[in-house]
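Inspection log for the structure reproduced underneath, given as structure tokens.
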Amino acid sequence: MKILVSNDDGYLAPGIIALVDALRPIAEIVVVAPDSNRSGSSNSLTLDRPLSVYRAENGFYFVNGTPSDCVHVALTGGLAFKPDLIVSGINQGQNMGDDTLYSGTVAAATEGFLFGIPAIAFSQVEKGWAHVDDAARVAREFVERHFELLPKPYLLNVNIPNLPYERIRGTRPTRLGKRHESEPVIKTQDPHGREIFWIGPAGRAKDAGEGTDFHAVAGGYVSVTPLQIDLTHNAQLDMLKMGLS
Ligand code: MN
């Protein structure tokens with residue numbers, strides 16, 4: 001099996017290094033990841049300047065672009081082969097509910113999915129890399145056991161609690177929960193006294209009920225949500241058809 005690995009925390013992040021170490025025994029791995037932390041970059045592609053691909057000493061390729069750029073370049077001319085699977089992560093911090101719209105981790109996987117390749121995004125629930133090697137073991141075992149589980153291509157969003165391997169209680173299929181609105185922007189001043197703004201944190205969980213990703217990880221389970229890209233609101237489409245006819 002050939003796996004293309006990317007992330008949004010950058011090619012030096014502990015999460016991608018742990019993930020690659022865990023996957024190497026079961027697959028041929030190529031890493032193409034951003035040169036710096038591009039968390040929150042969603043599915044953006046860089047169109048206003050060219051991209052460069054560099055090779056690090058450990059063999060990882062890194063790109064001065066977004067996670068989507070990395071996978072896009074790899075799949076449309078960078079790689080000499082078509083990977084069997086795209087794996088993104090392991091992200092520092094959860095990507096649950098509405099996070100999936102902003103996440104560069106999910107976006108790297110999505111880019112592969114759009115090219116017809118099965119793709120899995122892995123995130124650790126808490127920031128700080130606690131138990132990242134345990135999370136990487138969970139990721140490898142998930143790939144080993146469930147690569148053939150769904151019709152291809154599929155797009156899976158996996159969130160892993162920061163627990164020692166033995167204390168993870170199992171794996172739960174989930175739907176995305178929902179968050180409250182984001183926290184307010186953080187207003188401060190630059191050294192010249194001008195007002196500047198930092199985007200505030202994501203909102204707290206609003207729909208974290210039974211069956212959601214939030215609920216699964218709170219209970220110590222690995223959450224696995226199958227995603228799709230079609231944003232059409234079919235009920236409203238029917239209403240529009242009636243209203244506009
Ligand atoms: Mn990230």
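The values are calculated or read from the model by the stated rules, or taken from the named source; none is laboratory data. Quick caveat, the model's predicted, so the values are computed rather than measured. Backbone-built Cβ (ideal geometry, glycine too); neighbour counts: all protein chains shown. The area values use the complete protein model at the heavy-atom level, side chains included, leaving out ligands, DNA and RNA. Shrake-Rupley method; radii C 1.70, N 1.55, O 1.52, S 1.80 Å.
What to note about this one:
- Residue count for the stretch 96-109 satisfying the condition of being open to solvent by 10 Å² or more (accessible area, probe 1.4 Å) and either part of a helix (DSSP H, G or I) or within 14 Å of the ligand (Cβ to nearest atom) (or both): 4.
- Selected residue (criterion: nearest to the ligand (Cβ to nearest atom)) from residues of the stretch 121-134 that are of a type in the set (Gly, Ala, Ser) and touching a helix residue (DSSP H, G or I) at 6+ places or on another chain (Cβ under 7 Å): Ser123
- Any chance Gly40 is within 16 Å of the ligand (Cβ to nearest atom), of a type outside the set (A, V, I, L, M) and buried (at least 24 other Cβ atoms within 10 Å of the Cβ): no
- The residues of the stretch 110-120 that are open to solvent by 30 Å² or more (accessible area, probe 1.4 Å) and touching a helix residue (DSSP H, G or I) at 6+ places or on another chain (Cβ under 6 Å) amount to a single one, Phe115.
- All positions within the stretch 4-18 that are within 16 Å of Phe62 (Cα to Cα) and either assigned to a loop (DSSP other than H, G, I, E, B) or open to solvent by less than 20 Å² (accessible area, probe 1.4 Å) (or both): Leu4, Val5, Ser6, Asn7, Asp8, Asp9, Gly10, Tyr11, Leu12, Ala13, Gly15, Ile16
- Residue identified as free of Cβ contacts under 8 Å to residues at least 24 places away in the same chain and either within 13 Å of the ligand (Cβ to nearest atom) or over 15 Å from the mean Cα position of the chain (by Cα) (or both) among Asp35, Asp48, Asp8: Asp48
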